[in-house]
1. Identify all residues within region B:120-146 that are more than 20 Å from A:PHE74 (Cβ to Cβ) and either polar (S, T, N, Q) or touching a residue at least 12 places away in the same chain (Cβ under 8 Å) (or both); write none if there are none.
2. Could you list all residues from region A:66-81 that are polar (S, T, N, Q) and in contact (Cβ under 8 Å) with a residue 60 or more places away in the chain?
3. Which of the following residues is among the hydroxyl-bearing types (Ser, Thr, Tyr) and farther than 30 Å from A:GLN148 by Cα: B:THR127, B:THR107?
4. Consider A:LEU171 carefully, then state whether it is of a type in the set (A, V, I, L, M), open to solvent by less than 10 Å² (accessible area, probe 1.4 Å) and in contact with a Cys (Cβ under 8 Å, 6 or more places away or on another chain).
5. Just name the residue that is most open to solvent (accessible area, probe 1.4 Å) out of those in region A:82-96 that are within 13 Å of the chain's Cα centre (by Cα) and either over 13 Å from A:LEU40 (Cβ atoms) or without any contact (Cβ under 8 Å) to a residue 40 or more places away in the chain (or both).
6. When residues of region A:68-81 are filtered for being facing another protein chain (nearest Cβ under 10 Å) and surrounded by fewer than 21 Cβ atoms within 10 Å (Cβ to Cβ), how many remain?
7. Could you check A:LEU112 against (1) surrounded by fewer than 17 Cβ atoms within 10 Å (Cβ to Cβ); (2) farther than 30 Å from B:GLN103 by Cβ and say which number it fails?
8. With the checklist (1) under 26 Å from B:GLY137 (Cβ atoms); (2) surrounded by fewer than 20 Cβ atoms within 10 Å (Cβ to Cβ) in hand, flag the one item A:ALA126 doesn't pass.
There are 2 protein chains.
Amino acid sequence: MKASQYEAVESSKLSPPPRSNRGISILDLIFRGIALCATLAAAVAMATSEQQLPFFTRFLKFDAQYDDFPTFSFFVLVNALACGYFAFSIPLSILNIARKGAQRSRTILIILDSVMLGLLTSAASATASILYLAHSGSGSANWLAVCQQFNDFCHQASGSLIGSFGAVVILILLIIIQGTALARRH
Amino acid sequence: MKASQYEAVESSKLSPPPRSNRGISILDLIFRGIALCATLAAAVAMATSEQQLPFFTRFLKFDAQYDDFPTFSFFVLVNALACGYFAFSIPLSILNIARKGAQRSRTILIILDSVMLGLLTSAASATASILYLAHSGSGSANWLAVCQQFNDFCHQASGSLIGSFGAVVILILLIIIQGTALARRH
């Protein structure tokens with residue numbers, strides 16, 4: 001008991017000088033740049049995925065586009081939103097490199113990062129579940145595996161998932177390193 | 001007795017007196033209880049949803065169950081996991097009421113809550129996207145609106161989403177109030 005009290009007194013007397021967060025801030029900036037490219041690529045890949053089958057009847061044209069599925073539209077919307085958010089947060093991140101104690105802007109970034117993480121996770125997992133269904137179909141629900149026909153469309157849509165899940169991983173890393181930078185100040 | 005009084009005086013001299021987090025801890029416990037019930041109800045509602053149509057052919061029996069769709073299986077799994085997690089975290093939460101400064105257990109709870117939030121969000125949104133497709137179908141992909149036939153099945157599955165999204169909201173509130181309790185200690 002005595003020892004711990006003594007320690008507490010000591011540590012309060014000699015509070016360590018605030019360590020520099022410069023390395024963390026630069027890492028933060030690089031991660032944001034990568035995530036910007038990843039979400040942009042995901043949004044563009046999904047938005048441009050379209051396939052028209054070479055045969056058609058008088059009434060039907062077999063044409064698959066992303067906006068036939070509301071989930072895919074949501075995916076494009078969220079990825080575009082995340083891309084815009086990263087473009088907006090990069091100046092803030094540069095400011096964090098310049099200033100030493102940027103507690104408030106870091107806290108705001110953590111909160112906004114968490115919101116984006118939730119949106120991106122839900123959009124990416126919803127799209128993944130629809131694409132899984134499109135790949136494998138469902139016998140009991142009488143749903144066809146449409147990817148057998150719309151092969152290119154499915155490939156491009158599945159590829160866009162990579163960018164989105166990559167951005168999810170980067171956001172998790174960003175939240176962790178920002179939290180580390182904040183905790184160091186205490 | 002004397003010694004402990006002395007210690008209390010000493011600690012109040014050295015650092016500002018820690019404000020009580022008792023109210024927050026009790027709120028935390030109540031929220032965890034509600035979330036436990038919500039995820040349990042969601043898992044049970046989804047796992048017991050089954051519908052057999054009154055007609056069948058020699059080769060086909062029209063029967064819809066949750067494990068026909070991998071997304072629904074994932075939903076049941078994640079909700080059961082979340083339910084178990086809440087049951088495990090309630091004792092920790094009770095401990096937090098009893099002890100005053102429970103910084104470490106609060107930090108562990110925040111991290112585990114965030115993991116659960118990610119899992120539940122992805123499971124609930126994937127299930128919601130599949131159910132939306134089941135309700136409305138997709139003309140261009142030649143997918144039927146199977147809910148027109150499997151009406152009861154769809155209703156019960158959609159109902160189970162309420163519990164899951166409710167638990168998501170509660171987890172967000174839990175993370176916020178735990179963060180508040182941690183920030184107060186500084």
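The values are calculated or read from the model by the stated rules, or taken from the named source; none is laboratory data. Note that the structure is predicted; figures quoted are calculated from it, not measured. Cβ: placed from backbone, ideal geometry, glycine included. Neighbour counts: every protein chain shown. Heads up: the accessible areas ignore ligands, DNA and RNA and are worked out on the full protein's heavy atoms, side chains in. Shrake-Rupley method; radii C 1.70, N 1.55, O 1.52, S 1.80 Å.
1. B:ASN142, B:VAL146, listed by residue number.
2. The one that is polar (S, T, N, Q) and in contact (Cβ under 8 Å) with a residue 60 or more places away in the chain: A:ASN79.
3. Going through B:THR127, B:THR107 in turn, just one is among the hydroxyl-bearing types (Ser, Thr, Tyr) and farther than 30 Å from A:GLN148 by Cα: B:THR107.
4. Judged against the criteria, A:LEU171 is not a match.
5. Applying the filter and picking the extreme gives A:GLY84.
6. The total comes to 3.
7. Here A:LEU112 meets the rest and fails (2).
8. (2)
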